[in-house]
1. With the requirement that a residue be touching a Leu at 6+ places or on another chain (Cβ under 8 Å), of a type in the set (A, V, I, L, M, F, W, C) and touching a residue at least 60 places away in the same chain (Cβ under 8 Å), what does the range 44-85 give you?
2. Please work out which residue is farthest from Ile40 (Cα to Cα), limiting yourself to the range 53-105 and to residues that are loosely packed, with under 15 Cβ neighbours inside 10 Å and aliphatic (A, V, I, L, M).
3. Can you find a residue in the range 7-30 that is loosely packed, with under 14 Cβ neighbours inside 10 Å, touching a Gly at 6+ places or on another chain (Cβ under 8 Å) and closer than 21 Å to Phe104 by Cβ?
4. Residues in the range 49-61 that are in contact with a His (Cβ under 8 Å, 6 or more places away or on another chain), under 16 Å from Gly10 (Cβ atoms) and aliphatic (A, V, I, L, M): how many?
Amino acid sequence: MTETGLVIHGYYPWAKRVPYDRIRGVEMVHMTNLRGRGRIWGTANPRYWANLDPGRMRKRVALILDLGKRVHPFITPNDPDAVVAAIRAHTGVQPTTRTGGSPFL
């Protein structure tokens with residue numbers, strides 16, 4: 001996180017910079033082995049892209065960012081509450097929680 005936006009490391013081979021003003025929504029999702037935790041990088045679902053996170057298997061919560069485009073970043077920060085708080089502080093966007101868990105990746 002910076003003053004102007006999020007930096008998603010390992011999004012592709014490089015980092016993706018997302019200005020706060022491009023974030024339209026953020027969704028908190030609970031992961032299972034088949035729904036996000038087993039995916040270290042990339043996707044099998046063309047609507048989402050998971051950044052490289054070798055520690056994702058130990059995490060339970062992911063964030064899906066709505067940037068107004070077809071593909072939504074699927075990120076697993078070490079402190080998702082801090083990321084949500086920063087997004088809320090800079091954009092006023094309130095997070096939602098998906099019932100039924102995260103998407104298949």
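1. Correct list: Ala44, Ile75, Val83.
2. Ala89
3. No, the range 7-30 has no match at all.
4. So in the range 49-61, the residues in contact with a His (Cβ under 8 Å, 6 or more places away or on another chain) come out as 49, 51-52, 60-61.
Still in the list and also under 16 Å from Gly10 (Cβ atoms): 49, 51-52.
If we keep only those that are aliphatic (A, V, I, L, M) too, we end up with 52.
The qualifying residues number 1.
Laboratory data are not the source of any read-out in this text; all were calculated from the coordinates shown. Bear in mind the structure is a predicted one, so any value in this text is a computation, not a measurement. Here the Cβ is made from the backbone with ideal geometry for all residues, glycine too, and neighbour counts use every protein chain on show.
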